[in-house]
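Everything below concerns the one structure shown next.
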Amino acid sequence: MCGRFTQTQSGKAVAAAFDLPEVPALEPRYNIAPSQPVLAVTAADAPNGASQRELRAFQWGLVPSWAKDPKIGNRMINARSETVAEKPSFRAAFKRRRCLIVADGFYEWQKTSGSTKQPFHIHLDDHRVFGFAGLWEHWESGDGSLLETCTILTTAPNELMASIHNRMPVILPADDYEAWLDPTLQDRGFLESLLEPYDADAMQAYPVSTQVNNPRHDQAECLTPLPTDA
């Protein structure tokens, strides 16, 4: 699964990576947790009728439009890529509401001995910003208020992740961004073919302090590598 991630890159770096029409003002985030707001790139219609990209904020934890209680989102932070096209909670969004959730790394916990788990930070080897394959939804309450939410797709682990956890988030190569965001592209087989484990040779992982276990800890120290003899 993917239950925590980071986004510490500048607005300029994010705009360049996702070909955004404007440079956003961003603050670094070192320990993003479920139910918090996250940034995602979606397709948007430009004034001239052309398609462009838009940076939007969603609450992490997808709430289907038909849900009676938005608390269901607490269980919908991830969607398995193997079943996402079939599950009632995700299939409509998979067809036409896909997004790229902006990140530059994520945390995963490796079981060690007993109930002890060691957190790791995983990132691309050049530390650049990237997009998780995501889905988004809008939900309207009885009083008319609107809630927009998202989920991160997961897949089988690559060679790097296999020693840490049995799942990993889907990181899309930049060449796949356009197809993933295109709401008119609804070829299930093609879309599912994009949801592959990222190249392990292009990723790195290192252990970090258990302070990341608490979502209230959101500071640069969360990314400090543990000493090699720890």
- Query: Could you give the alpha-carbon Rg of the chain over 2.2 N^0.38 Å, rounded to two decimals?
  - Reply: 1.00
- Item | Arg216/Ser65 FRET efficiency (R0 45 Å; Cβ-Cβ; nearest 0.05) | 0.90
- Extension length gain for Gln186 and Ser115 (0.36 nm per residue less Cα distance), in nm, is 21.3 nm
- Message: Looking at the chain as a GNM with Cα springs under 10 Å, which of Arg98, Arg56, Arg216 has the largest mean-square fluctuation?
- Response: Arg216
- Message: Ignoring ligands, DNA and RNA, please state the percent of accessible area on the chain from carbon and sulfur, probe 1.4 Å.
- Response: 49 percent
- Any lysines with Cα under 23 Å of the Lys87 Cα? List them, leaving off those in the same chain fewer than 8 positions away. Lys68, Lys71, Lys95
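What net charge is computed for the residues neighbouring Pro28, neighbours being all others with C-beta under 10 Å from the C-beta of Pro28, Lys and Arg scored +1, Asp and Glu -1?
In short, -2.
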- Among Pro227, Pro34, Ser193 - extreme Cα towards positive end, dipole of the chain, charges at beta-carbon: Pro34
- Query: About the Cα centre of the chain, what is the dipole size in debye to 20, counting +1 per Lys and Arg Cβ and -1 per Asp and Glu Cβ, all else neutral?
  - Reply: 840 debye
- Given springs between every Cα pair under 10 Å in a Gaussian network model of the chain, which of Gly189, Gly142, Gly131 has the largest fluctuation? Gly142
- Kirkwood-based Rg/Rh on the Cα set of the range 1-109 evaluates to 0.98
- Task: Select from Ala205, Ala25, Ala40 the residue whose mean-square fluctuation is largest in a Gaussian network model of the chain (Cα-Cα springs shorter than 10 Å).
- Result: Ala25
- Item | Rounded Å value of the spacing that divides the Cα centres of the range 192-207 and the range 113-149 | 16 Å
- May I ask for the net charge around Arg4, where only other residues with Cβ less than 12 Å from the Cβ of Arg4 are counted and Lys, Arg are +1 while Asp, Glu are -1? -1
- Message: Can you give me the accessible area per residue for the range 72-230, using a 1.4 Å probe, in Å²?
- Response: 48 Å²
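The values are calculated or read from the model by the stated rules, or taken from the named source; none is laboratory data. Quick caveat: nothing in here was measured; it's all calculated off a predicted structure. All Cβ positions, glycine included, derive from the backbone under ideal geometry; neighbour counts span all protein chains shown. All accessible areas refer to the heavy atoms of the entire protein, side chains included, with ligands and DNA or RNA removed. Shrake-Rupley method; radii C 1.70, N 1.55, O 1.52, S 1.80 Å.
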